[in-house]
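For reference, the structure is listed below as structure tokens.
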Amino acid sequence: MIRSLRTALMVAAIALPLAACGGRSGGKAVAQSDLAASKVTTIGVNSYLWRASLDTLSFMPLLQTDSNGGVIVTDWYVNPQVPTERMKVTVSILDQDLRADAVRVAALREVNRGGQWVSAPVAASTTQKLEDVILTRARDLRRASIAG
């Protein structure tokens, strides 16, 4: 009798925690498509934001990329239509979830004055537009992956 009681307690000790791992969360079924791809990949940040950032900055030379830390740093880029100005961009992905506050863009701008590159202000709308483009692209990538 003690042996069967001990066995029943061991089964209960194992089964109860596993019962909490059922397919329901807060009374709602968890859809299979809601699993974020970033949870399945080997990089440390949201894979949609990472890929969208690389796609968005593909016209600029990359200086450093760190997929685990979520940092992309470009080298100086000179627009051929405005050769007296150059830009350098840093994108930081801050989370594994696809959220608007999970991406930050910082930019440096320099203008050429008399053969010297001099720091110049960057319009706040420039970094905001880059963030918007990255987020839009990330959402498109996510939709495409869910659609199949």
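The values are calculated or read from the model by the stated rules, or taken from the named source; none is laboratory data. All values derive from a computational prediction rather than experimental measurement. FYI the Cβ positions are ideal-geometry reconstructions off the backbone, even for glycines, and counts take in every protein chain you see. Remember, those area values only see protein heavy atoms, side chains included, never the ligands or the DNA or RNA. Shrake-Rupley method; radii C 1.70, N 1.55, O 1.52, S 1.80 Å.
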Could you tell me which residue of region 56-88 is farthest from residue 137 (Cα to Cα), considering only residues that are of a type in the set (D, E, K, R) and touching an Asp or Glu at 6+ places or on another chain (Cβ under 8 Å)? 85
One residue from 73, 105, 91 being in a strand (DSSP E or B), touching a residue at least 40 places away in the same chain (Cβ under 8 Å) and buried (at least 16 other Cβ atoms within 10 Å of the Cβ): 91
Look at region 108-148 and say how many of its residues are closer than 18 Å to residue 59 by Cβ and loosely packed, with under 13 Cβ neighbours inside 10 Å. 2
Where residues in region 34-62 are surrounded by 10 or more Cβ atoms within 10 Å (Cβ to Cβ), of a type in the set (S, T, N, Q) and modelled with pLDDT under 80, which of them is farthest from residue 127 (Cα to Cα)? 41
Residue under evaluation residue 100, criteria (1) open to solvent by 60 Å² or more (accessible area, probe 1.4 Å); (2) out of contact with any helix residue (DSSP H, G or I) (no Cβ under 8 Å at 6 or more places or on another chain), criterion not met: (2)
